1. Aspartates and glutamates near LYS209 by alpha-carbon distance under 20 Å, same-chain residues fewer than 8 away left out - which ones?
2. Within the accessible area of the stretch 9-101, what % is carbon and sulfur when the probe is 1.4 Å and the other protein chains stay in place?
3. Assuming 0.36 nm per residue, please report the length gained on full extension of the stretch LEU514 to LEU20 beyond their Cα-Cα distance.
4. Kindly report the accessible area of the stretch 380-519 per residue (heavy atoms of protein chains, probe 1.4 Å, no ligands, DNA or RNA), in Å².
5. Dipole size in debye (nearest 20) for the chain around its Cα centre, Lys and Arg Cβ +1, Asp and Glu Cβ -1?
6. Could you give the Stokes-Einstein D for the chain in µm² per second, using the C-alpha Kirkwood radius, 10 °C, 1.306 mPa s?
7. With r defined as the distance between the Cβ atoms of VAL32 and LEU328 and R0 fixed at 56 Å, what FRET efficiency is calculated, to the nearest 0.05?
8. Kindly list the residues of the stretch 45-85 that lie in the label zone of LYS562, defined by a backbone N under 15 Å from the point 7 Å along the Cα-to-C-beta vector.
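The values are calculated or read from the model by the stated rules, or taken from the named source; none is laboratory data. For clarity, every value in this text was computed on a predicted model and none was experimentally measured. Virtual Cβ from ideal backbone geometry, glycine too; neighbours counted across all protein chains shown. All accessible areas refer to the heavy atoms of the entire protein, side chains included, with ligands and DNA or RNA removed. Shrake-Rupley method; radii C 1.70, N 1.55, O 1.52, S 1.80 Å.
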Amino acid sequence: MSSSEKTSSTRRIFISGRALALISLLFVVGFVIYSEAMKGPFIYDDDLYISNNTLIFRLDNFLVLPFNRYITFLSFALNYAVTGLNPFDFHAVNVLIHIINSVLVYALIIAIFKTPRMNGRVLTGPSGEAHAVAAAASLIFLSHPMQTQAVTYVTQRFASLATLFYLLATVFYLDYRLQEQASSGSRLLRRALPYGLSLFFALVAQFTKEICFTLPAVIVLIEAVFFNARDEVGGLKKRLVRLAPFLAVLAVLPFVFLSSQWIDIGGGIAQGIREEQVVELKNLSTHDYLMTQFRVIVTYLRLLVWPVGQRLFYDIPLYTSLFIPSVLVSFIFLASIFSLGVYLCFARRSASVSLRPLVGFGILWFFITISVESSIVPIRHLIFEHRVYLSSVGALLAAAAFLYYVFDYLRKSMQGHERVRWPWWMLVSAIVIALSIATYNRNMFWTDRLIFWTDVAAKAPRTQQSYINLGAVYFDRGEYEKAIDNYGKAIQLNPGDPKAYTNMAGSLAMLGRLDEAEEACLKSIELAPGSHEGYLNLGTVFFKRKDYESALINFQKALSIKPAEVTTIKNMAVVFEETGRIDEAIEWYKEALKIAPHETRIYITIGRALKLKGRDEEAAFYFKEADRLKPRY
């Protein structure tokens, strides 16, 4: 073996060792900073999408054509099938996805360094710059507190899992292109496999979350920035053939969105998501939403640079004109950054060997990936931190490359002095440690519902939903007066929202203030006659008055609006049990079990009812099932 071959081989082994060390570090840091969060409960929409989502309780619900967000719901169903409704296990899967994403960020950047535009600097660059930039970006991505909402908020596996498939598709596409560049005589399978995997993950991503609609645009951007079709055999024609299947993927989401058949197969939650999206498209002005998003995106960038004051809800108004000073300044600022990204990507292609294309690519990645949720497609909630999860890959990539660009400049000004590497790793370490502490502290808010919603209400006092959820926490704790106080604040902020009246009625009923509770229920029904909740609570009021006939009438009305509502079905069973109609009560409890097979209390209640009827053998079966389920929940 020649000296040069030995050096090349040693270098490859060394790089592999560095990568392995970094991956190990990512796993350790990731699980440490999210260790407390994994002990937390389900919060906010977790009840809707997980705890009370009948879709995920049976795997055979997924033996159908894919529907809206099919892959993420399937992941929830697999979680449930393996460990039941154990929040720890759902959290652990989210953290694992996040760590894998950070590894993929590293792989993405390393692959980009190998492209022709970067002159293959992964091996020949001074001071191991590919590893330096990639390691910094992946560590910052992992440890940044802005990621907590996409990771710790279990429901937002939508965002993190979509990012996983997004990154897999881009990394495999780069691998395919690099194989093509390496040797025209390389095996067809070696080139075709990463291409097929890239296309597969691009397709899977479309059924994970709508943000993946932009994936083909990023693939095209990679081609345009880092590869020169004119220097390749086949030129532009071959490039178009290569990209055509990815461009075809653009048709998947519009088809799923417009096809009611697929959505109906998914049923329940999946259909609800689509219906809500349609309502938002009709009720919100695309112009006003876009104007507001200029301010929102600036807020996202501020939080990426200085993550202070994080919260679930933000008090941000709906802006209606570009010429509002804050909106205009935001637009000019964002347009300037976008223009800089375009310039860095495409200026002086032939001569560039600097990190400028990488910075530009990161900037354009940010704007492309955030465009689905922060442009002209209106969404009821104007701002959510988890929406920047995928976009942060580009922003942090650009930031890491820019910082290293500065250090590279300093190194050259010091006539190649290698000591510049130590300040670089010291700076990266300081940033990662600071971010890790901030993330650990932020995760502490997610470990307790009362702490969480108290924080949200304090930071977003003009957000009605904060007080509704804080009131619900107090209700669950049996502190009904405090619950009523918070529901009252919600009503003051928005007197036309039936939810606050419905919840208020429940708390009033628990305090025995039945006349006030009935009045609140009737107000809720007046505001939302098509909602089951008003009738459900009104039935509860009549039940407490021992007017069981009126209670049944209202529960039946609630069921006619929402037939698969387990709380209503259980209440029907309780009425029959209270009136001595035990056989009917048992049948209703069994109906509840079909919807919520994880609820141990229903098994115990059925067992007790069967025992009262002298059906001891059947009762034993339900008691045994309750014991079997206890360790899982």
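1. Answer for LYS209, where 20 Å is the Cα cut-off: ASP45, ASP46, ASP47, ASP264, GLU275, GLU276, GLU280, GLU373, GLU385, listed by chain and number.
2. 68
3. On the way: separation 494, 0.36 × 494 = 177.84 nm, distance 6.46 nm.
171.4 nm is the gain from fully extending LEU514 to LEU20.
4. Numbers: 6590 Å² over 140 residues.
Accessible area per residue, the stretch 380-519: 47 Å².
5. Working: 63 positive and 52 negative charges, 608 e Å.
Magnitude of the dipole: close to 2920 debye.
6. On the way: Rh = 27.2 Å.
Taking Rh from Cα pairs, D becomes 58 µm²/s.
7. Working: r = 44 Å, r/R0 = 0.78.
Given R0 = 56 Å and the Cβ-Cβ separation, E is 0.80.
8. 45-55
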